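The values are calculated or read from the model by the stated rules, or taken from the named source; none is laboratory data. Everything quoted here is computed from the prediction, not taken from an experiment. Cβ: placed from backbone, ideal geometry, glycine included. Neighbour counts: every protein chain shown. With ligands, DNA and RNA removed, areas are computed over all heavy atoms of the protein, side chains included. Shrake-Rupley method; radii C 1.70, N 1.55, O 1.52, S 1.80 Å.
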Amino acid sequence: MYALTAVTLLMVMSLALTRAFMGPTLYDRILAVNNFGTKTVLLLAIIDFMAGRPDFLDIAIVYALINFISIIGVLRFFEYAGNSAAGEEN
Amino acid sequence: MTAIAVLRMRDLFAVVMLSGIYSLLSASLFLDLDAVDVAFTEAAVGAGISTLLMLASLKLVGRFENKSRYRPGLALGIVLVTGALLVYGTLDMPHFGLAEAPVHLHVAPRYINDSMAEIGVPNIVTSILASYRGYDTLGETLVIFTAGIGVMSLLLVSRQTKEEYYKKVPADMQQQIILRVVVKILLPLILLFALYVQFHGDYGPGGGFQAGVIFAAGIILYTMLFGLGNSQRLFKRRTMELLTATGVLIYAGVGVACMFMGGNFLDYSVLRHDPVHGQHLGILLVELGVGITVAAVMIVIFFKFTWRTVKHRYK
Amino acid sequence: MNIIGLYNYWIVVLLMMIGFYIVIAHENLIKKLIGLGIFQTSVFFFYISMGKITGGTAPILDEKWQLYSNPLPHVLILTAIVVGIATTAMGLSLVVRIQEAYGSIEESDIQAQDALDQLECSLEAYGIRYAQSLNDQDLNE
Amino acid sequence: MELALDILSWFCLVMGSFFCLTGGVGLLRFPDFFTRIHSASLTDTLGASLILIGLVLQAGWGIVSAKLVLILIFSLLAGTTASHAMAKAALKSGLEPHKNDKKEESSGGPASKPSLT
């Protein structure tokens, strides 16, 4: 059962990754990265359970934290960067 | 899973985002390979701090790679030849996951079998890090300290710029109310969690390095949302610079204290009557030193980068 | 079977070569630093995958488990990651200074500017010597 | 009792992965940023909560489920806030929501919604 969930999560992660590669605007990429991050948190939790040592959930917590922080960081970066050309990339 | 990296050499800005993803992925791979502590560190460092630093410096140098003049032919040739040689070299290596590989036969069994009796800490990684290979870790801490000093001296910002900033800043900081409220709720949790990681490192994954990075990440989050002015008021430049040195001093001081108590440098067994208790105390102090140094250095580096951007903005 | 068991090294080599390629083929200094990061990660993978034992578990002692993966590479890599970020920060700050000094972080631009500077310098040196020799001649006469 | 818990947690896990998958497909297939953030963040909240709840049911009482609940709370707070911040930043930077004046009205509904969140 864990394996099924893990495989699904991996599929979702690859979908998000595709979006991150394609992403016409920058915000699409940010969104995809964020989505990817939350899925990684879940995947880590499930890997912990699969390995039978669920006391390593700390890593998943760190992930959740760091993901949030880096998303906020990226957004701040774009607000400050005055020359952000409406999110369009070259 | 790792083939992701191949696709990463596209355009410049997205590369930073993708490197964030890349380190997320590599951390889950580390977890899969049983390297819990490493996964922890990679998660905190690679995905968080290094992405933020990359962004900060991209802000400074502009985000577009203006020319795409590659020299693919020669480079590709060199890479392929080297790769082929390396693959040829791996043919003699022991198989993946083999328990009889020479790596596992030398000192590792001793660490695994005896560290509980000698150190009394369930997390072998911590006991090796802080006790068996204490010199090594002292050296690493010094390297981090030195890198902090290097960044400080490279990215000096005059007091004039700072005063300019303080004068102008209240105008552009009154947005993002929801974010600020949520961060206010979350920040104590983050800092508390960092402390938990710091002191729980003996029993689970964690320790000084990770805790320092998480702590720094929390402070960086605060800085990003509440402005440099506020956080500089909380974390004075002088204090932070002193703290970077304090961590290293704690570490080395523990070592010297061991010598005074009649042991070798960084031989914690003499710190208490019972050697195991001594080891516990020593590891705790040393990890604390590491944590302080790492956190302070990361915060200082981030502040320096941000001041630099401020300087560019108001020039 | 003989060959398949080595796939972890091949992944490492692949990653390492990607990083290497980025470092030598790209002009942008930030990109080079990222390539260096990938190279670094490949070395991490190398160590960690050597430490893995099939059926083993993470090296945190517990009564339930008998076989643990090798903790030594974990220690080395753990410190290496943090040192890596510190050195990356150092490199980034150097890049920032280079940008401020040269106005560009493309390697070819920097080299072109350096060459130009050198040319000017040597011309200047030549000019000074030329002027001095003129002076000398003046004095002699 | 054990069996009931197991079934419940499996159900949660399956539903959670289903929602995550839906969100992923939406993220990939929807036409513009705001519809994508709509699909991603909504299903994210539900899917992540379901998976975490399923894991809590498996873990039973103890530090593990406490940590899981912590992750749950955190992801509820942080995920929603992050998507709010993203949507706001995108809107501010001048990214227009996808206006469906040529196509039929039904697919235009979700397109204009997320800008409110």
Q. Which entries in B:Lys311/C:Lys31; B:Lys184/D:Lys67; B:Lys59/B:Lys236; C:Lys31/D:Lys88; B:Lys184/D:Lys92; A:Lys39/B:Lys184 show an alpha-carbon gap greater than 28 Å?
A. C:Lys31/D:Lys88
Q: Find out how many positive minus negative residues lie around B:Leu129, taking Lys and Arg as positive, Asp and Glu as negative, among other residues whose Cβ is under 13 Å from that of B:Leu129.
A: -4
Q: Compute the label zone of B:Leu189 within segment D:25-60: residues whose backbone N is under 16 Å from the point 7 Å along Cα-to-Cβ.
A: D:45-46, D:48-50, D:52-53
Q. Tell me, what ³J(HN,Hα) does each residue in segment B:203-213 have, in order and in whole Hz, if you take phi through Karplus 6.51 cos²θ - 1.76 cosθ + 1.60 with θ = phi - 60° and put x for Gly and Pro?
A. 10, x, x, x, x, x, 4, 5, 4, x, 5
Q: May I ask you to order C:99-109, B:198-208 by the average number of other C-beta atoms within 10 Å around their residues, highest value first?
A: B:198-208, C:99-109
(Q) Can you give me the long-range amide H partners of C:Asn28? Hydrogens built in the peptide plane at 1.01 Å from N, cutoff under 5 Å, separation of 5 or more residues or another chain. (A) C:Glu107
**Q.** Total accessible area lost when A and B pair, probe 1.4 Å, Å² to nearest 100
**A.** 4000 Å²
Q: Hey, for a label at C:Ser122 modelled as a point 7 Å past Cα toward Cβ, could you say which residues of segment C:75-113 have their backbone N under 15 Å away?
A: C:112-113
Q | C:Tyr68 long-range amide H proximity, modeled H, under 5 Å | A | C:Thr57
Q) If one takes the accessible area of chain A alone plus chain D alone and subtracts that of the pair, with a 1.4 Å probe, what total in Å², rounded to the nearest 100, results? A) 3600 Å²
Q: Excluding B:Thr141 itself, calculate the net charge of residues whose Cβ lies under 13 Å from the Cβ of B:Thr141, where each Lys or Arg counts +1 and each Asp or Glu counts -1.
A: -2
Q. Mind checking how much accessible area B and C bury in total, 1.4 Å probe, in Å² rounded to 100?
A. 7600 Å²
(Q) What does the structure give for D:60-67 when I average, per residue, the other chain Cβ atoms found within 10 Å of the residue Cβ? (A) 3
Q) What is the calculated FRET efficiency for D:Leu8 to D:Val69, with r their C-beta to C-beta distance and R₀ = 22 Å, to the nearest 0.05? A) 0.85
Q. What does the charge add up to near D:Leu28, with Lys and Arg as +1, Asp and Glu as -1, over the other residues with Cβ less than 9 Å from its Cβ?
A. +3
Q | Protection proxy ranking of B:262-274, B:129-141 - average other beta-carbon atoms within 10 Å, highest first | A | B:129-141, B:262-274
Q: Mind running the shape call on segment B:187-287? Use the C-alpha gyration tensor, a ≥ b ≥ c as the square roots of the eigenvalues: rounded below 1.5 for a/c, prolate if a/b tops b/c, oblate otherwise.
A: oblate
Q) So what are the ³J(HN,Hα) numbers for segment B:277-283, from phi and the Karplus equation (6.51, -1.76, 1.60; θ = phi - 60°), rounded to whole Hz, Gly and Pro as x? A) 5, x, 4, 4, 4, x, 4
Q | Those residues of segment B:127-155 for which accessible area with every protein chain present is at least 20 Å² below the isolated value (1.4 Å probe) | A | B:Ile128, B:Leu129, B:Arg133, B:Glu140, B:Val143, B:Ile144, B:Ala147, B:Val151, B:Leu154, B:Leu155
